[in-house]
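Below: one structure, written as structure tokens.
Every number here is computed from the coordinates shown, using simple stated rules; none is lab data. For clarity, every value in this text was computed on a predicted model and none was experimentally measured. Every residue, glycine as well, gets a Cβ built from its backbone with ideal geometry; the counts of neighbours run over all protein chains shown.
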Amino acid sequence: MKFLYIGGSKEKKIVKQYILEEAQKLFDSVLYVPLDKIKVECIEGKTKLSFRGTDLTSFDACYLRLFSRDFIFGEVVLDILNESNVYVPLSSEAYQICNHKYYTIKLLSQGNIPIPKSSLAILAETAVSVTNKIGFPVIIKLLSGFGGRGVMLAQNEKELKPVLDTLRVFKEFISTQEYFPDKNYDIRCYVFGEEAFGVKRTGEGEDWRSNVSRGGRAEEVKLSEEMKSTAVRVAKLIGAEICAVDFIETGEKEFKLIEVNFAPGIIPKYFGNKFAKKIVKYIYDKARELHKD
């Protein structure tokens, strides 16, 4: 079988290395393609996806690591692959949803997934009004932020207003979310179909953001059955067989979803190739099942 790996703009070399190494152990042939090197052609009603003369829809399986800045072209590429016979564990709809934090929260809230109180506004005045209802402190998020970037904390209205002014200058939507004090960690659930594996990520020092990319720590934890089943259900609602679902614990056996990651980091500093291996093995098994005839 043939494996295609498409890398987006924010891909890290070590992640690329681990995934390609694992793919070479299972697949007969492996090709890596940077997203910005792909050619899309629409000729006589047919759409062609290629890289240096190679038809990218001729592969058995494909894994894409795409990020927010890849959105427009990445969505096109995903659409074409989803309509082909290539097995892709991610849908273009999932990519759309995960690239809009508020839309993610809204969709999952409708699916009865526990989420923090959240809001979305265009005008600063509206944002202040609705945030007063949520209560301070409050988290402010850029809709397209990732890795802890574009996530801020305002203790009161006086701190909130300058942030809103800045967001207005850059024509950003204003998304605010309920803050849970004394929680400098979250639980990331890596989902692979019906399986989920837990990682506790703890912020460095007094940093309330728990992203490892910002200096935080990570360790494997055993998930409760409820959190595990919720993470799997979230992935299905989103339309992603492989993703990461982040929760914050709000009480004994209680938790709320804070984010879904379309292209989660595999945290090689703490786990080496563990999650790269799980990603590739899952894709291999599904592709083999799909193309067994």
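From least to most packed, judged by other beta carbons within 10 angstrom and beginning with the fewest, MET152, MET227 follow the order MET152, MET227. For segment 24-90, applying the loop criterion from DSSP together with a ceiling of 11 other beta carbons within 10 Å to the trypsin sites (Lys or Arg not before Pro) yields ARG52.
Cross-linked pairs LYS25/LYS286; LYS228/LYS256; LYS101/LYS236; LYS12/LYS200; LYS16/LYS274; LYS37/LYS274: Cα-Cα separations exceed 20 Å for LYS12/LYS200; LYS37/LYS274. Comparing segment 2-89 with the 2.2 N^0.38 Å rule of thumb, its C-alpha radius of gyration ratio is 1.05 (two decimals). FRET efficiency for the pair THR54 and SER224, taken as 1/(1 + (r/R0)^6) with r the Cβ-Cβ distance and R0 = 45 Å, rounds to 0.50.
Going from the fewest other Cβ atoms within 10 Å to the most, the residues THR131, THR202 appear in the order THR202, THR131. Annotation for segment 184-248: GluC sites (Glu not before Pro) lying in DSSP loop with at most 11 further Cβ atoms inside 10 Å of their Cβ are GLU194, GLU206.
For segment 13-116, GluC sites (Glu not before Pro) are listed when DSSP marks them as loop and at most 12 other Cβ atoms sit within 10 Å of their Cβ; the list is GLU44, GLU83. For segment 1-154, relative contact order (Cα pairs under 8 Å, six or more residues apart, normalised by length) works out to 18 percent. Using the Cβ-Cβ distance between VAL40 and TYR103 with R0 set to 25 Å, the FRET efficiency from 1/(1 + (r/R0)^6) comes to roughly 0.45. Viscosity 1.306 mPa s, temperature 10 °C: what is the translational diffusion coefficient of segment 179-250 from Stokes-Einstein with a Kirkwood Rh over Cα pairs, rounded to a whole number of µm²/s? Once the numbers are plugged in, D ends up at 127 µm²/s.
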